[in-house]
1. Please identify the longest segment of the chain free of exposed GluC sites (Glu not before Pro), where exposed means a DSSP state other than H, G, I, E or B and no more than 10 other Cβ atoms within 10 Å.
2. Along the stretch 41-52, what does the Karplus equation 6.51 cos²θ - 1.76 cosθ + 1.60 (θ = phi - 60°) give for ³J(HN,Hα), rounded to whole Hz, x for Gly and Pro?
3. Sort 152-160, 109-117 by packing, meaning the average of other beta carbons within 10 Å per residue, with the highest value first.
4. By how many degrees, 0 to 90 and rounded to 10, does the Cα axis of helix 2-13 deviate from the longest principal axis of the chain?
5. Counting only DSSP beta bridges with both residues in the stretch 15-191, tell me the antiparallel percent, nearest 5.
6. Taking the structure as given and computing Cα extents along the principal axes in Å, which label from (i) 77, 66, 30; (ii) 61, 36, 26; (iii) 76, 35, 21 fits?
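Derivation of every value follows stated rules applied to the coordinates shown; laboratory data play no part. Everything quoted here is computed from the prediction, not taken from an experiment. No Cβ is skipped: glycine too gets one built from the backbone with ideal geometry, and neighbour counts run over all protein chains shown.
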Amino acid sequence: MPALAQEEKSLADRFSYGVEWGYSQCFLLARDYNFLSEEGYRVFEQYTDFDWHANGQIFARVGFSLTDRTQISLLGGYFGTGENNRLLPALLRLAYFPATERQDGWQFWLQGGPAWHVHAIAGKMALLAEAGAGYRLCLHPACSMDLLVGLKYLYDHPSIPNPEAPGNVPAHNIRKNVAGYCALDISIAFSF
């Protein structure tokens, strides 16, 4: 029985949780859409342009240490990308710590997953992918602070403003609607 209690404790020690918040600077937008106007003619536009929009983000995280150097986490939260584009993501993150996760040092991570628009009229589900690096400061054996920088790409189907009337183009008139956003994220996170 003592051996089983020891295993349960060591398994519980592998779990961590945390919060992360930061700044996201969208800098590039690629858009490709094709729809029918209210008068029946086709509108088609493709463009890629610098698109400067600042946004915030906040996440809650639950992690599990696969080894002393690798951790897998599930993140959920709220973030913005581009103009009037707010989403609720469910992300899976894989992090690697060259030293160990319980020491001061560098970390590298990849994350991705779906994100849902806060406003139901905004469009379909989006997909998010991000790669980043950071530095971990161990403040206490049970608490650490991470300074993170990431490059994010969001594949989206946002609403299309109606050029002929107020509001957006009705969904039944849209033939194609794809957008890609690139953003630079700077965050601070606390893990417990």
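1. Details: sites that count: Glu39, Glu164.
After excluding every exposed loop site, the longest remaining stretch is 40-163.
2. For the stretch 41-52, the Karplus-derived couplings read 8, 8, 10, 10, 8, 10, 7, 10, 8, 5, 9, 8 Hz, x marking Gly and Pro.
3. Working: 152-160: 20.3, 109-117: 17.6.
In descending order of packing, they fall as 152-160, 109-117.
4. 40 degrees
5. Details: 103 of 103 bridges.
Restricted to the stretch 15-191, the bridges split so that about 100 percent are antiparallel.
6. So the calculated entry is the one marked (iii).
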